[in-house]
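Written below as structure tokens is the structure these notes are about.
The values are calculated or read from the model by the stated rules, or taken from the named source; none is laboratory data. All values reported here derive from a predicted model rather than from experimental measurement. Please note: Cβ atoms are built from the backbone with ideal geometry, for glycine as well, and neighbour counts cover all protein chains shown. These area figures cover heavy atoms from the full protein model, side chains too; ligands, DNA and RNA do not enter into them. Shrake-Rupley method; radii C 1.70, N 1.55, O 1.52, S 1.80 Å.
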Amino acid sequence: MAKAVQPSHALEHALLTGAGGLACSWRVGAGQLAIGAEQGDWAYLSIDVLPDAALDWVPPYAGDAPSAEHRKVGQIEATTAAGESGWRISAPVESAWVDVRVTSSAVISGGSRFEGAPLMSVLDGMMPAAEESFAAVTAATSKQMSWPALPFRESEARCDGGLNQVGIENALQLNGAPVEYSLLDSREKTIDALSDAVEARIGVFRCELFAEGFGYTEITVVRDFQTILAELTTLPDMASALEPIVLEGSVEGETALQARRDDGPHSPLYFTLGQTLYGVSSDGPATVAEAIIAQTR
């Protein structure tokens, strides 16, 4: 088993670390080749810990509803979930939110390394990792649970300035199509997963544009988190998933990475502008990113 981060979860991994959490991940198999890719022969075990988040904890989803399945992990009553998105053991442990997760290729399409195995048997195999993790968090002092964090957003979440609607529309060449442009602030949404609690703590917000006949464009904004993009490129398995590009208007020290895809648009795209990290999910992410840069500068 090698230490590695699944590309589809790499941004969550980095945000958790920046929020003052602990993210550990290992892989068996050759590794996921691209963000969102299901093919291959890989599986990842991830352990995520967010201090001071026990009061935010909610049970993991099993399908379209919170799981009601439980099992004892040491003396702690944990909730388990198993399905197409993988397997999870989760609980509030002392003052922290702790998730233990296994994801695998080909769970939906068939051919997974776990194919034919009872769903509960995978959870059984995860138990030693869960027991050790829960025990470590239970025994840790407050000082041991205090990890470095980046600054969190203090300003108002707004889709203006560099995120001005007109510039985004022009970049996408919507040709007068009816448009809805909305702000989604993580601090105002219901927490349904550990990643939601992380985003609320940091202050992540999104500007989402929908145009009839053109689909959705989603812009993710993380203030003061520009340093984590360079860190993404150093994570094992990420070289195959992201490639560097140059955006018009960017300056020295700013970085842009787009997803490697063989079957469709290059989306998502991540880039830094000043001290802000942006993510763009769209059919034309580079043009949207360049519009944000132009409107900002």
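Number of residues in the range 75-97 that are farther than 18 Å from residue 51 by Cα and outside any strand (DSSP E or B) equals 3.
Per this entry, residue 171 is counted among residues that are of a type outside the set (Val, Ile, Thr), assigned to a helix (DSSP H, G or I) and touching a Ser or Thr at 6+ places or on another chain (Cβ under 6 Å). Please enumerate the residues belonging to the range 175-217 that are under 14 Å from the mean Cα position of the chain (by Cα) and in a strand (DSSP E or B). 205, 206 - these are the residues of the range 175-217 that are under 14 Å from the mean Cα position of the chain (by Cα) and in a strand (DSSP E or B). The set of residues in the range 85-115 being acidic (Asp, Glu) and exposed (fewer than 13 other Cβ atoms within 10 Å of the Cβ) consists of 115 alone. Name the single residue, out of those in the range 29-60 being at pLDDT below 95 and in a strand (DSSP E or B), that is farthest from residue 92 (Cα to Cα). Only one residue fits best here, namely 29. Tallying residues that are in contact (Cβ under 8 Å) with a residue 24 or more places away in the chain and either under 27 Å from residue 26 (Cα atoms) or aromatic (Phe, Trp, Tyr) (or both) within the range 223-258 yields 20.
Listed here are the residues, each with its yes/no results for (1) farther than 24 Å from residue 235 by Cα; (2) open to solvent by 60 Å² or more (accessible area, probe 1.4 Å).
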site	(1), (2)
3	no, yes
8	no, no
28	no, no
42	no, no
70	yes, yes
117	yes, no
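Would you confirm whether or not the range 255-262 contains a residue that is open to solvent by 30 Å² or more (accessible area, probe 1.4 Å), within 19 Å of residue 285 (Cα to Cα) and among the basic types (Lys, Arg)? Yes, the range 255-262 contains at least one residue that is open to solvent by 30 Å² or more (accessible area, probe 1.4 Å), within 19 Å of residue 285 (Cα to Cα) and among the basic types (Lys, Arg). Residues of the range 133-144 that are of a type outside the set (D, E, K, R) and either in a strand (DSSP E or B) or surrounded by fewer than 18 Cβ atoms within 10 Å (Cβ to Cβ) (or both): 135, 136, 138, 139, 140, 141, 142, 144. In this structure, does residue 240 turn out to be modelled with pLDDT under 90, outside any helix (DSSP H, G or I), among the polar types (S, T, N, Q) and open to solvent by 30 Å² or more (accessible area, probe 1.4 Å)? Spelling it out, residue 240 is indeed modelled with pLDDT under 90, outside any helix (DSSP H, G or I), among the polar types (S, T, N, Q) and open to solvent by 30 Å² or more (accessible area, probe 1.4 Å).
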